[in-house]
Amino acid sequence: ASRTALPRDLEGLRVVVSAGGTREPLDPVRFLGNRSSGKQGYALARVAAQRGAEVTLVAGHGNELPAPAGTDVRHVSTALEMRDAVHEAAAAADVVIMAAAVADFRPATRVEYKIKKTDDQPDPAITLERNPDILAELVENRKIGQTIVGFAAETGDEHAGVLDHARAKLKRKGCDLLVVNAVGDGRAFEVEENQGWLLSADGAERPIPLGSKSHLAATVWDAVAEFIKR
Ligand code: CTP
Ligand code: CA
């Protein structure tokens, strides 16, 4: 832990942070998941608590991380569970940060028994169904004065760069701040370092230099504190 005294600039704020990945069950023993470690969301929760906020951490799956000191951790598994827990905590929150890797789709049916392979049946296909967009729902039901922050991991493609995709996503989501991670080349997933941009709904854009997830967390909270003051 750092010995440097942190500012208590988030004192009096109630914040919700989601972290980790969701798991979407196929049958009692199998699921669709993703590679989220949960580290970024945990760092955001830890730094917020250190700076005086009252923190609820809605934690999906990832590395088995210890609960950050001074936070209220609610463990969830599926996107639908995460949605319920986030909305419940968000009802009384000043700030909500969606750092979780929420599955966009879930298997349309959850089989009650372990799926078997048989030689007299064709191999099964998985049909997917869309999960709700929790961030979009938060924006839609926003409390007065509530600040909502999204995360996006983007790669460039043949049509547009990382920033073009991120600007479009900020508009589409309607959140106040979007933290953009440039991914690819082993960045962001399963590594200690992040690199990206912080986009604000008012058009402000600042780069976030390569640094630790704790450093990125501090940068995000600085931006949130600044955003709330205006
Ligand atoms: N998110 C969410 N609920 C979902 C999917 C995403 O709340 N069902 C949130 C994430 O936690 C993140 C933000 O939305 O804060 C952006 O997620 P991302 O996957 O980048 O955006 P999508 O709208 O799902 O777009 P894409 O098709 O690029 O995955
Ligand atoms: Ca997605």
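The values are calculated or read from the model by the stated rules, or taken from the named source; none is laboratory data. Since the model is a prediction, treat every value here as computed from it, not as a measurement. FYI the Cβ positions are ideal-geometry reconstructions off the backbone, even for glycines, and counts take in every protein chain you see. The area values use the complete protein model at the heavy-atom level, side chains included, leaving out ligands, DNA and RNA. Shrake-Rupley method; radii C 1.70, N 1.55, O 1.52, S 1.80 Å.
Assorted remarks:
- Failed item in (1) under 19 Å from Phe227 (Cβ atoms); (2) of a type outside the set (Lys, Arg); (3) open to solvent by 10 Å² or more (accessible area, probe 1.4 Å), with Ala49 passing the rest: (1)
- Qualifying positions in the range 117-140 - of a type outside the set (A, V, I, L, M, F, W, C) and away from ligand 1 (no atom under 13 Å from the Cβ): Lys117, Thr118, Asp119, Asp120, Gln121, Pro122, Asp123, Pro124, Thr127
- Single residue of the range 69-91 satisfying the filter (within 30 Å of Asp27 (Cα to Cα) and hydroxyl-bearing (Ser, Thr, Tyr)) that is farthest from ligand 1 (Cβ to nearest atom): Ser77
- Just one residue in the set Ala90, Ala108, Ala103, Ala67 is in contact with a Leu (Cβ under 7 Å, 6 or more places away or on another chain) and closer than 29 Å to Arg8 by Cβ; that residue is Ala90.
- Every residue from the range 128-164 that is within 14 Å of ligand 2 (Cβ to nearest atom) and buried (at least 17 other Cβ atoms within 10 Å of the Cβ): Asn131, Asp133, Ile134, Leu135, Gly150, Phe151, Ala152, Ala153, Glu154
- None of Ala99, Ala92 is within 30 Å of Glu54 (Cβ to Cβ), of a type in the set (Gly, Ala, Ser), under 16 Å from the mean Cα position of the chain (by Cα) and open to solvent by less than 70 Å² (accessible area, probe 1.4 Å) except Ala99.
- Residue list for the range 52-77, filter: open to solvent by 20 Å² or more (accessible area, probe 1.4 Å) and either in contact with an Asp or Glu (Cβ under 7 Å, 6 or more places away or on another chain) or of a type in the set (Lys, Arg) (or both): Thr56, Arg74
- On the stretch given as the range 1-34, residues that are assigned to a strand (DSSP E or B), open to solvent by 50 Å² or more (accessible area, probe 1.4 Å) and farther than 30 Å from Glu112 by Cβ total 1.
- Residue within the range 92-107 that is at pLDDT 95 or above, aliphatic (A, V, I, L, M), under 23 Å from Arg206 (Cβ atoms) and away from ligand 1 (no atom under 16 Å from the Cβ) present: no
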